[in-house]
Amino acid sequence: MEITLLGTGSPLPDPRRGGPATLVRAGGQTILVDAGRAVVMRLAGAGTLPVLLNAVLITHLHSDHITDLNDVITSHWVMTGIETPLNVYGPPGTQTVVDGILMMLAPDISYRLAHHTDTLTYKPKIVVTEVKPGATFAIGDVQVKVARTHHQPVEPTVAFRLEHDGKSVVLGGDGIPCDTLDEICAGADAYVQTVIREDLVKLVKNKRFLDILDYHSTVEQAAQTATKAGIKKLILTHYVPSMQPGQEDEWRAFAAKYFDGEIVLGDDLTTTTI
Ligand SMILES: [Zn+2]
Ligand SMILES: [Zn+2]
């Protein structure tokens, strides 16, 4: 199982980091988790394309996690040779968001259908499956479990556990530690968590920025969750504030205070195998 951090950024613009998106490749399946800013560029950087995705999983409907889902949809559609569904799994509300994206794309869709009358005879086909905590489903030979996370007032939000051939990875999305996250992480080989640096966020005396402290895991909290669950590899992403070049060891040290296993972090396209 190969895990690639496609986008390690956050809502804060950073020219070097795309928005939240992670790629998991396992057993011939290519699975995208979240679709933040620049996701299609980073998919290309990882050597794949939307049309090659077997599924898109969405952890929650915050804009930074879905802002380029429209690009995934369009790029997938225009590269298909025959009508091919794009399978999207996300919490309740995902269908409404996808319907809205398709409405936004309606002029573009009509232009392309009018231009490619012989070769493009169908509209984008997006098959949305809204998943609730406790749900399980399969993407090819990859088993997926869904758990509730705690990112209130954002509701609903979910984590996904992907299992293949005895290996497992949990994608925690955004949120603070909670029992259901602990449960789905238990015994997993790898755990991908979005994190913030509390010490740095607190330096910014701006109420709207300080608000983020109450619904995001700090680096230390992610490490504590990993230790509690017996995780082997902790993968950190969605760095707030943006991790600057040369700061990697500093961020790693915050996690290492509470976690003895391997800690993975870095730039976009950082890849690790379990
Ligand atoms: Zn986020
Ligand atoms: Zn969020």
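Before moving on, here are some points about what is shown:
- Of the peptides 132-143, 30-41, the order by per-residue mean of other Cβ atoms within 10 Å, starting with the highest, comes out as 30-41, 132-143.
- Spin-label zone in the stretch 11-39 - amide nitrogen under 15 Å from a point set 7 Å from the Cα of residue 208 along the C-beta vector: 11-13
- Taking the Cα atoms of the stretch 140-190, the ratio Rg/Rh between the radius of gyration and the Kirkwood radius comes to 1.00.
- Overall form of the stretch 95-168 per C-alpha gyration tensor (a/c, 1.5; a/b vs b/c): oblate
- Counting only Cβ charges, +1 for Lys and Arg and -1 for Asp and Glu, the dipole size of the chain around its Cα centre is about 180 debye.
- For the stretch 86-148, the per residue solvent-accessible surface stands at 55 Å², with DNA, RNA and ligands left out and a 1.4 Å probe.
- Note on the chain: Cα-only Rg and Dmax are 18.3, 61 Å.
- Nearest-20 debye value, the stretch 183-274 charge dipole, Cβ charges on Lys, Arg, Asp, Glu: 280
- For the chain, calculated [θ]222 nm from helices alone, where every DSSP H run of n ≥ 4 adds -39500 (n - 2.57): -7500 deg cm²/dmol
- Residue among 170, 92, 193 farthest towards the positive dipole end of the chain, charges placed on Cβ: 92
- Accessible surface of the stretch 104-217, 1.4 Å probe, proportion on carbon and sulfur as whole %: 53
- Sequence ranges 226-232, 65-71, 14-20, ranked by mean other-Cβ count within 10 angstrom, highest first: 65-71, 14-20, 226-232
- In the chain, the longest principal axis of the Cα atoms and the axis of helix 219-229 are about 90 degrees apart.
- The stretch 66-158, relative contact order in percent, only Cα pairs under 8 angstrom and at least six apart counted: 31
- When each of the peptides 107-117, 90-100 is scored by the mean number of other C-beta atoms lying within 10 Å of its residues, the order from highest to lowest reads 90-100, 107-117.
- Degrees separating the helix 69-79 axis from the principal Cα axis of the chain, which is the longest one: 40
- Relative contact order [Cα under 8 Å, 6+ residues apart], the chain, whole percent: 19
- Considering only alpha-carbon pairs that sit under 8 angstrom and 6 or more positions apart, the relative contact order computed for the stretch 1-114 is 20 percent.
- The residues of the stretch 164-238 expose on average 41 square angstrom of accessible surface per residue, using a 1.4 Å probe on protein heavy atoms.
- Taking 7 Å steps out from each Cα toward its Cβ at residue 99 and residue 253 produces label points 5.2 nm apart.
- Share of Cα-Cα pairs in the stretch 126-274 lying beyond 23 Å, as whole percent: 36
- Size of electric dipole in the stretch 95-179: Cβ of Lys, Arg +1 and of Asp, Glu -1, about Cα centre, debye, nearest 20: 80
The values are calculated or read from the model by the stated rules, or taken from the named source; none is laboratory data. This is a predicted model, so every value here is computed, not measured. Virtual Cβ from ideal backbone geometry, glycine too; neighbours counted across all protein chains shown. When the accessible area is computed, the model is the full protein with side chains, heavy atoms only, and any ligands, DNA or RNA have been set aside. Shrake-Rupley method; radii C 1.70, N 1.55, O 1.52, S 1.80 Å.
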